[in-house]
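Trainee: This is the structure, below, for whatever I ask next.
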Amino acid sequence: MAPRLLLALAVWAGYSPCSGREAPTQPRVWCWAFRYPIAVDCFWTLSPAANSTRFTSFIATYRRGVAAHGESQPCLQPTPEATSCTIPDVHMFSMVPYMLNITAVHPWGISSSFVPFIPEHIIKPDPPEGVRLSPLHGHQLWVQWEPPKSWPFPEIFSLKYWIRYKHHGAARFRKVGPIEGTSFTLRTVRPRVRYCVQVAAQDLTDYGESSNWSLPATASVTLGK
């Protein structure tokens, strides 16, 4: 699923067209399950004009199912002014969507956004960590990495990985994968050339989308013949 704002509906209340102010803009909301299945984390922003006020707070709630009579639970915020919240205890493999409601409370009114999602559809791991390179004999480069620390159960909810690499001065990356382990040997690399390597992760069963690329690692020594 391509990154996009999951904005479904906006509601304004308490706004008077005679107030001389623009109508409050609704929060722009997105959610990712990068800690699946422990939690779903949601984030939002306001327009720059709306962000200029220091008196905006937020009410974050969610329910399961789109029916309005469903029981709402708090999406956990560190403070009322925070622009993120966490939904714990994810219901796995259910086609009943979650409905997130983010309400911005301004001095001159409120604005709300409603966001539906299914946790498996918004899985996006954080990038792999600790990418390191080891030159080997025979024009080979051994790449090793670790799953992201935020991914709680890699031995149960496995990840697959892609590697992209290029030598110094190359215009484009080459890509290898998917790889189900946490190491891979790049073969037939050029001798005496420095390489830049990055790794990305995705849920093994293709739910959601792949992570961003990891921080680049470069070979610390030149390759021998």
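The values are calculated or read from the model by the stated rules, or taken from the named source; none is laboratory data. The shown structure was predicted, so the numbers you read here are calculated from the model rather than taken from an experiment. With ideal geometry, Cβ positions are generated from the backbone for all residues, glycine too; neighbour counts draw on all protein chains shown. Quick note on the areas: whole protein, heavy atoms, side chains included, nothing else; ligands and nucleic acids left out. Shrake-Rupley method; radii C 1.70, N 1.55, O 1.52, S 1.80 Å.
Trainee: Rounded to the nearest 10 Å², what accessible area does D206 have for a 1.4 Å probe in the complete protein model?
Mentor: 90
Trainee: So with the 1.4 Å probe, I'd like the accessible area per residue for region 134-215, rounded to whole Å².
Mentor: Numbers: 4750 Å² over 82 residues.
Result: 58 Å² per residue.
Trainee: Same structure, new question: Largest first, how would T188, T103 line up by accessible area (1.4 Å probe)? Mind dumping the intermediate values first?
Mentor: Numbers: T188 120, T103 20 Å².
So, going from the largest accessible area down, we get T188, T103.
Trainee: Could you work out what % of the accessible surface of region 62-189 is carbon and sulfur, using a 1.4 angstrom probe and leaving DNA, RNA and ligands out of the count?
Mentor: Working: 3760 of 6780 Å².
Carbon plus sulfur share of accessible area: 55 percent.
Trainee: Then there's this: Sort H121, H106 from largest to smallest accessible area, using a 1.4 Å probe on the heavy atoms of the protein chains. Don't skip to the answer; put the middle values down first.
Mentor: Details: H121 85, H106 15 Å².
Listed by decreasing accessible area, they come as H121, H106.
Trainee: Mind listing the phi-derived Karplus ³J(HN,Hα) values for region 74-91, rounded to whole Hz, using 6.51, -1.76 and 1.60 with θ = phi - 60°, and x for any glycine or proline?
Mentor: x, 7, 6, 10, x, 8, x, 8, 5, 10, 7, 7, 10, 9, x, 6, 5, 7
Trainee: Of the trypsin sites (Lys or Arg not before Pro) in region 143-181, which ones lie in a loop per DSSP and count no more than 16 other C-beta atoms within 10 Å? Write down the numbers at each step before the final one.
Mentor: Details: sites: K149, K160, R164, K166, R172, R174, K175; in loops: K149, R172.
In loop regions of region 143-181 (DSSP not H, G, I, E or B), the sparsely surrounded trypsin sites (Lys or Arg not before Pro) are K149, R172.
Trainee: For region 116-225: lysine pairs with Cα atoms under 26 Å, gap of 8 or more or different chains, count?
Mentor: The result is 10.
Trainee: Moving to a separate point now. Between E146 and R132, 0.36 nm times their residue separation minus their Cα-Cα distance comes to what? List each step's numbers first, then the result.
Mentor: Details: separation 14, 0.36 × 14 = 5.04 nm, distance 0.96 nm.
Result: 4.1 nm gained on full extension.
Trainee: Please compute the modelled spin-label separation between E180 and H91, points set 7 Å along Cα→Cβ, answer in nm with one decimal.
Mentor: My value for the distance between the label points is 3.2 nm.
Trainee: Next question, about the same structure. Which ³J(HN,Hα) values, rounded to whole Hz and listed in residue order, are derived for region 195-211 from phi using the Karplus coefficients 6.51, -1.76 and 1.60 in 6.51 cos²θ - 1.76 cosθ + 1.60 with θ = phi - 60°, glycine and proline given as x?
Mentor: 10, 10, 10, 9, 10, 10, 10, 8, 3, 4, 8, 6, 5, x, 9, 6, 5
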